[in-house]
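Please read the structure below before turning to the comments.
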């Protein structure tokens, strides 16, 4: 045996058998280690020595001596050799071209030590041999006996995979020149990782494990996590198996590692890879839809990717179940995961266009597997606070997903313990009820489109598509039915807040839900809510839009005490009690009765109340007409007219003729005092005019020539001054009823031209709502009128004729594609969201600050909203000044505002 020449020693070792290696190991191993650590640029020699060490001498070292005698001495140098190889390879690869054959040969020589295997591959094989040998020793391997091995192997695996992943950029677009060698390197690294996973499965940690062992195992898991981020889009099976190892080892050593693991990083990686695989599914499905190919490679890849999604969903469920208590700072990631997934899946407007069969497969395989995660998160307070946070800052495409998440939570809460229900229904910032109404308000695009969701209407029947509004309403009412009595204060607060909000459709949802609550509960509960709402109306200024919403709700709820909804004796007693509580003959109660349909009352009670309301209303109107009070005192008169309208709407056919004559006489007196310019300048008088027009519809056949002439003269004069939309709509409704009456001969010369001119102008209106209502009104008028010669006079242009003909034929004017409608809804959502923010800012700037926000300084958006409101008011005053002379008090008021603005400016400075 050579004592001096390393090369002679290596040649001599080639002829040794198993026994010779074991016998001579004490003398030869130190010399081989010296040779291995010797500085040399000959990569082949180093790899050759490494293979001799691992193949010939490693098997003769006992488990207890492995770390001290072998791994701690061989592996550090192996890593240095690996780094040098990879550095040299990357450096030379930068100048690689197909024309530069010399450099290409150099690069291949670095990679290739023999015609069959590259230098790097042989190094990887040597490490694989180390791992395989340890696996053969015994079932349980103490970590301290191989401490250096896992970390060294993982280092090599991570950097090799990184090199393969970055190969396109590393090899400057000439990857094809050495792709065969890189493929072999990837394959061997794959095999090495698989072997290492098997070895680490054999390692057992118990309560007696040292702190050093625990630290080492944690380091292993974290390094494998880094490898996951490298290989995420390289190989599905490798990616899944790597994650499987992380989850398995974390759960296996749960009690020892739970306080040391980077749970936030692991969860973040799981969420990221779950979302990436989900997006890959959608992209493949979208490609198949475009290419119209339903089978082949794309379909197999799609199905494989869907299964990968399911794997990640199950991994999230399992990991969260064990380590949920460590997710306090990670709930936003889970929330965002659900938002992102729902935003890319129908019925979201932002979902890609895919086939229904692929959508169903994604839902069945992936989303169903992910669903249990929400069950696990329900008792977790940080998750609740994240989902119900008012400061979540959701993107437009995440508004519908947020609404669907809240609905999903509602569906699950009824089966949860009382403490979990209390957690969500009495949230720290918002309750689940309030959060749903707020979220629903943001879904303007989906509500307008409208999108549809599947819903099982009856047990045993297949799901049918229903609108988002219907879907939310059904699930919300179901949740209300399961709500604990102790949570009713939060429910009632949320319902009232939504009814009074600035979103009409959200207010309608709250009304529907409240009516369900009233029907589901007792008659006494219904009566109590009716009384509360009536008191709110009575105590609120009548010109607030919130009063209109409360009035609609009161009107609907009073019908719930009709015989069809409650037992007759109970309903009658409660109706009588309501009438006695809000006596119709008392002026202060008229504000309540103006919103009520008397048809909700029993026949006898209806007649009695109608007469009392008419007498009270007439008394108020006559008092004002006789005293000629200022226009500023018209509000009580408008209430009186509204009450008369409510009575006529309900019982006009049974009103006494004397009472009808009194009402018509009072209406005639009002028309003698109305002037077009005055109406246009006074909002309160505009309301009076609209009420008068609606009341006249009930007496249209009783109008004499003088009154009908005055009515049309005022409308014509007013129309020339460009009245606001609500006046135009009132005119449209009135014109619709004119077809019932024959215009007196003495009035025709003046009225007929005005009638045709009004119809022609309203049919040409550019506001779609007015235009649509006018088409309906004109059709109704044309069918009933005996003045047939007026009809063609109203159609004074070819465009108007075509629109009327298209309306009668039920033809659409413009066909909008689904794609165009989707894009329009997206843009309208942005506009609506900005408007809601502005409204919220205005309400906060004019009301008392909420206690929960008292400790926070106002945001820049709030300042912008308030300043925007002031700017809008200035423009409105400028517009009014351009239309006519200002009132005498305006100059003084503007001077006071000027002083107030100066004070604000000084405060800002």
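Let's see how each residue does on (1) farther than 28 Å from residue 713 by Cβ; (2) without any contact (Cβ under 8 Å) to a residue 40 or more places away in the chain; (3) assigned to a helix (DSSP H, G or I); (4) in contact with a helix residue (DSSP H, G or I) (Cβ under 7 Å, 6 or more places away or on another chain):
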| position | (1), (2), (3), (4) |
| --- | --- |
| 762 | no, yes, yes, yes |
| 779 | no, yes, yes, yes |
| 788 | no, yes, no, no |
| 792 | no, yes, yes, no |
| 805 | yes, yes, yes, no |
| 810 | yes, yes, no, no |
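Residue count for the stretch 738-773 satisfying the condition of being crowded, with 16+ Cβ neighbours inside 10 Å, within 47 Å of the chain's Cα centre (by Cα) and over 23 Å from residue 673 (Cβ atoms): 9. Would you check if residue 255 is assigned to a helix (DSSP H, G or I) and out of contact with any strand residue (DSSP E or B) (no Cβ under 6 Å at 6 or more places or on another chain)? Spelling it out, residue 255 is indeed assigned to a helix (DSSP H, G or I) and out of contact with any strand residue (DSSP E or B) (no Cβ under 6 Å at 6 or more places or on another chain). Apart from one condition, residue 345 fits all of (1) surrounded by 16 or more Cβ atoms within 10 Å (Cβ to Cβ); (2) part of a helix (DSSP H, G or I); the exception is (2).
For the stretch 358-381, filtering for residues that are assigned to a helix (DSSP H, G or I), touching a residue at least 12 places away in the same chain (Cβ under 8 Å) and more than 19 Å from the chain's Cα centre (by Cα) leaves 11. Scoring residue 653 on the criteria (1) outside any helix (DSSP H, G or I); (2) in contact (Cβ under 8 Å) with a residue 40 or more places away in the chain; (3) over 24 Å from residue 755 (Cβ atoms) leaves a single failure, condition (2). Scanning the stretch 676-735 for residues that are farther than 19 Å from residue 769 by Cβ, free of Cβ contacts under 8 Å to residues at least 40 places away in the same chain and not in a helix (DSSP H, G or I) gives 699, 703. Looking for something touching a residue at least 12 places away in the same chain (Cβ under 8 Å) and either on the phi > 0 side of the Ramachandran plot or outside any helix (DSSP H, G or I) (or both) - is there at least one such residue anywhere in the stretch 333-340? Looking through the stretch 333-340, none of the residues is touching a residue at least 12 places away in the same chain (Cβ under 8 Å) and either on the phi > 0 side of the Ramachandran plot or outside any helix (DSSP H, G or I) (or both). Take the conditions in a helix (DSSP H, G or I) and under 19 Å from residue 162 (Cα atoms) and apply them to residue 220. Does it pass? When the stated conditions are applied, residue 220 passes them. With respect to the conditions (1) surrounded by fewer than 19 Cβ atoms within 10 Å (Cβ to Cβ); (2) outside the structural domain of residue 312 (by TED's automatic domain parsing); (3) in a helix (DSSP H, G or I), residue 234 falls short on a single one, namely (3).
Taking the stretch 206-217, which residues are out of contact with any helix residue (DSSP H, G or I) (no Cβ under 7 Å at 6 or more places or on another chain) and either crowded, with 19+ Cβ neighbours inside 10 Å or assigned to a helix (DSSP H, G or I) (or both)? Hits for the stretch 206-217 are 211, 212, 215.
Here is the figure for the stretch 10-47: residues that are crowded, with 19+ Cβ neighbours inside 10 Å and either farther than 15 Å from residue 69 by Cβ or modelled with pLDDT under 80 (or both) total 5.
Given (1) under 23 Å from residue 226 (Cβ atoms); (2) more than 26 Å from the chain's Cα centre (by Cα), where does residue 298 come up short, assuming only one miss? (1) is the only condition that residue 298 fails. Can you spot a residue in the stretch 238-256 that is surrounded by 14 or more Cβ atoms within 10 Å (Cβ to Cβ), farther than 19 Å from residue 318 by Cβ and outside the structural domain of residue 366 (by TED's automatic domain parsing)? Yes, there is a match, as at least one residue in the stretch 238-256 is surrounded by 14 or more Cβ atoms within 10 Å (Cβ to Cβ), farther than 19 Å from residue 318 by Cβ and outside the structural domain of residue 366 (by TED's automatic domain parsing). Only one of the numbered conditions (1) modelled with pLDDT of 90 or more; (2) touching a helix residue (DSSP H, G or I) at 6+ places or on another chain (Cβ under 7 Å) is not met by residue 325, and that is (2).
The values are calculated or read from the model by the stated rules, or taken from the named source; none is laboratory data. Fair warning: this is a prediction, and the values are worked out from it, not measured in the lab. Because the Cβ atoms are built from the backbone with ideal geometry, glycine has one as well, and the counts that use them run over all protein chains shown.
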